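Every number here is computed from the coordinates shown, using simple stated rules; none is lab data. Computed from a predicted structure; not experimentally measured. Glycine also receives a Cβ, built like all others from the backbone with ideal geometry; neighbour counts cover every protein chain displayed.
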Amino acid sequence: MTIVLTRSDVAEVIDMTDVIEVVEQAHLALASGDAIQPERAAFELKGSDVLYVPMVAGIGSMEVGGVKLMTDTPSNRARGLPAQQSAILLADGTTGAPKALIDGGIVTRFRTAAASAVATRHLANPSGGCLGLIGAGGQARAHLEAIRLVRPVDRVLVWTRSSATAAGFVEHARQTGVHVEVADSVEDVVSQADILCTLTPSREPLVSGAWFRPGLHVNAVGAPPRVDHREIDSEGIRRSLVVVDRVDVARQESGDVMIPFANGDIGYDHFDLELGEVASGSRPGRSSPDQITLYNSVGLAIQDMATARMVVEKALLKGLGRTIDLGS
């Protein structure tokens, strides 16, 4: 039997603190060889802007394996639909039977912010300080929650193109007891931030490395998995200690690192350090309080599988979801 969990089912049980912990465990499993993360095989069909991204992974110690099908469709914004949509299928670790089918939207939002929180925990200066957000959508809300769980934040600055989106974010933050200042420019946010999260689907870089101040930690998150999109310019990448979620994925799909590589600004050795290696202590991360660190997030299926497994366990305990027999 297969349990089907809708977006509302997932929302009822998911918790950011728990997601941060399981996402860190997933990266540690990847670093130790306990997790398998095959290369992705993204594709587009002729005449369509839909990018299909099947994401497969398994984690032995969690007894979980499965696939997430994510699509990235830029033209959906004109339709009033999310550009990225996804569903996750988990298999039973003993029988291989389909165990759960889950809406991937909230899982993706939470695990993405959780991965940034793991990176911030291991790379940002411990004093925290000013959190800067470029973008004010769903990921900004998730990152505000996640970063505050791992670092003390005494000030929040946000920039977005839309005044309505900014107002909605400010009100959301106010309801959670957080005061947010809306900045006039991207530079205003970057130049004052101690921790910076870039959360926009930008094709051209919005953020200049010339604005980075000593000790900054950056979570570069928003660019879609397309090598011609980036949020950070080449100077920002060059000035930073870059940590990626997975080297082979970054080389295939991250414009933030591959555009400066193609232009000869950096070599492969500039982004050969993975988050799981830093979290496990097998390779060093930040080396000084003044060093600039940057986590380049593309997103991994191990994050989805670990989070989805936890969501299914909680949903079963609460009697949520609908059980169906796919073989009937």
quick note, the range 62-215, DSSP beta bridge pairs, % antiparallel (nearest 5) is 50 percent
Expressed as a whole-number percentage, the relative contact order of the chain with C-alpha contacts under 8 angstrom and at least six residues apart is 22 percent
Among (i) 20.2, 67; (ii) 22.3, 92; (iii) 19.0, 61, the value of Rg and Dmax of the Cα atoms in Å computed for this structure carries the label (iii)
Farthest towards the positive end of the dipole of the range 41-93, among VAL53, THR73, PHE43 and with Cβ unit charges of +1 on Lys and Arg and -1 on Asp and Glu, lies the Cα of THR73
In nm, the gap between the two label points placed 7 Å beyond Cα toward Cβ at GLN175 and VAL247 is 4.5 nm
As straight-line cross-link partners of LYS68, the qualifying lysines (C-alpha separation under 18 Å, not fewer than 8 residues apart within one chain) are LYS99
For the chain, the dipole about the Cα centre with charges only on Cβ (Lys and Arg +1, Asp and Glu -1), to the nearest 20 debye, works out at 500 debye
Note on the chain, DSSP bridge orientation, antiparallel percent to nearest 5 equals 50 percent
With 0.36 nm assigned to each residue of separation and the Cα-Cα distance removed, ASP269 to ILE36 gains 81.6 nm
Length gained if THR165 through SER127 is fully extended, taking 0.36 nm per residue and subtracting the Cα-Cα distance, is 10.7 nm
Pseudo-spin-label distance THR17 to ASP188, built 7 Å along Cα→Cβ, given in nm, is 3.5 nm
To the nearest 10 degrees, the tilt of helix 163-175 (Cα long axis) against the first principal axis of the alpha carbons of the chain is 70 degrees
Taking the alpha-carbon centre of each part, the distance from the range 249-328 to the range 58-102 in Å is 15 Å
Given backbone amide H placed at 1.01 Å from N, residues whose amide H is under 5 Å from that of VAL64, ignoring those fewer than 5 places away on the same chain, are ILE59
Residue separation between MET1 and SER282 times 0.36 nm, minus their alpha-carbon distance, gives in nm 97.1 nm
Expected sort for ARG246, ARG238 with the fewest Cβ neighbours (10 Å cutoff) up front is ARG238, ARG246
